[in-house]
Amino acid sequence: MFTTNDWEQDTKSMGNKQNDFTFSAFKLILPVFLGLGVIVWLFLKEFDPQSLATFKPGGKAIFFLFLAVIFMLLRDAGMIWRFRIMSDHQLSWRSAFNVHILTEFTSAITPSAVGGSGLVMLFMKKEGVDFGKGVAVTITNLFLDEIYFIIVCPLILLFVPFYELFNTSTTVTGTISTLFWSVYVVFLAWTFILFIGLFFRPTIITNSLLKIFDLRFLKKWKPKVESFSTDLLISSIEISKKKIGFWLRLLGLTIFNWTCRFMVVNMLFLAFESHINHWIVFGRQLILWMVIHLTPTPGGSGFYEYMFNNYYGDILPQTGQLLIIIAIWRIITYYNYLIAGIVIIPHWMKPKNLQKTENK
């Protein structure tokens, strides 16, 4: 059983970690180098100027490019609002903005399997939210996002034939189906664990995990499991106070946020080609996002661009147009967060701000 004193000790520990919370130049340069490197390589290898001969930029293309940016901004607004709700409005709009941008920034410079969501409690603590609530928000954030994917992915199969959704025309894309279902099973199991742990029997889940990781070949991961068990128990205590309306609002925002993010690609395709199946475009975005969790590169850099080019090649055969879509897409959904993070972090990391927060 965890008490207020346990929370205070953990909060102090988190505060100490904040002092060591830094970003190296290497972490910033690596994803840019990998991502842009692959795009340049694809241009040099596959770009054909003739593929753009039929494309005449006009009002339509500009309109859909504008919509792509709007969808991303709507997604950002929805994420900021969701952080506000999850924090019981302890986060101001400015603080929620900081938490969102820093979460996306750390996701962009860490491997996809790690992501930035695990640091939400750190960012919230710096913004004046107590450790217990920060932990609850971190776990809830993860739970809601995974609920979206385990529900929406099977629904897409109702609208798109299996063979069109997975595009097995090349060796590279042919492996996506296997990778996707492997990740989906893990997501499903993980979401079930979170659901039972958060809403019903947290101690059963945590005790079971600790016993499993007592096995000799799993012991090296036990400290992380112990940390997660503590987080889950604290989160369960916080979440047990919430009413159904709270969850319905968060679920609605989660659906809105992720749908807006994936609609960015649909808008970019519309800027170049109107006569395509947009269910396929949308569905493949879901699949790519899940598969990207297996990559060790920061934010999937390099791998994401390469797979996108192969995966969507049968929809938009004009390689030149597809490569331009990839470049614009990554600027809107990835490099923007790198730039925003670089702008925000110097002020956010100032000692006077840390001191101000710790005195709250």
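Taking the criterion of being in contact with a helix residue (DSSP H, G or I) (Cβ under 6 Å, 6 or more places away or on another chain) and surrounded by fewer than 21 Cβ atoms within 10 Å (Cβ to Cβ), the residues of region 310-322 that qualify are ASN310, LEU316, GLN318, THR319, GLY320, GLN321. Scanning region 272-306 for residues that are of a type outside the set (Ser, Thr, Tyr) and part of a loop (DSSP other than H, G, I, E, B) returns GLU273, HIS275, ILE276, ASN277, PRO296, GLY299, GLY300, GLY302. Residue pairs whose Cβ atoms lie under 7 Å apart, sitting 6 or more positions apart in sequence or on different chains, and linking a residue in region 311-333 that is closer than 19 Å to VAL32 by Cβ to a partner that is at pLDDT 85 or above and of a type in the set (Val, Ile, Thr), are TRP329/VAL264; TRP329/VAL265; ILE332/VAL69; ILE332/VAL264; THR333/VAL264.
Can you find a residue in region 192-209 that is within 30 Å of PHE63 (Cα to Cα) and in a loop (DSSP other than H, G, I, E, B)? Can you show your working first?
To start, the set of residues in region 192-209 that are within 30 Å of PHE63 (Cα to Cα) comprises none.
No: region 192-209 contains no residue that is within 30 Å of PHE63 (Cα to Cα) and in a loop (DSSP other than H, G, I, E, B).
Do we have any residue at all in region 121-130 that's touching a Leu at 6+ places or on another chain (Cβ under 8 Å), part of a loop (DSSP other than H, G, I, E, B), modelled with pLDDT under 75 and surrounded by 15 or more Cβ atoms within 10 Å (Cβ to Cβ)? No: region 121-130 contains no residue that is touching a Leu at 6+ places or on another chain (Cβ under 8 Å), part of a loop (DSSP other than H, G, I, E, B), modelled with pLDDT under 75 and surrounded by 15 or more Cβ atoms within 10 Å (Cβ to Cβ).
The values are calculated or read from the model by the stated rules, or taken from the named source; none is laboratory data. Worth saying up front: this structure is predicted, and the values here are computed from it rather than measured. For neighbour counting, all protein chains shown are included, and Cβ atoms are generated from backbone atoms with ideal geometry for every residue, glycine included.
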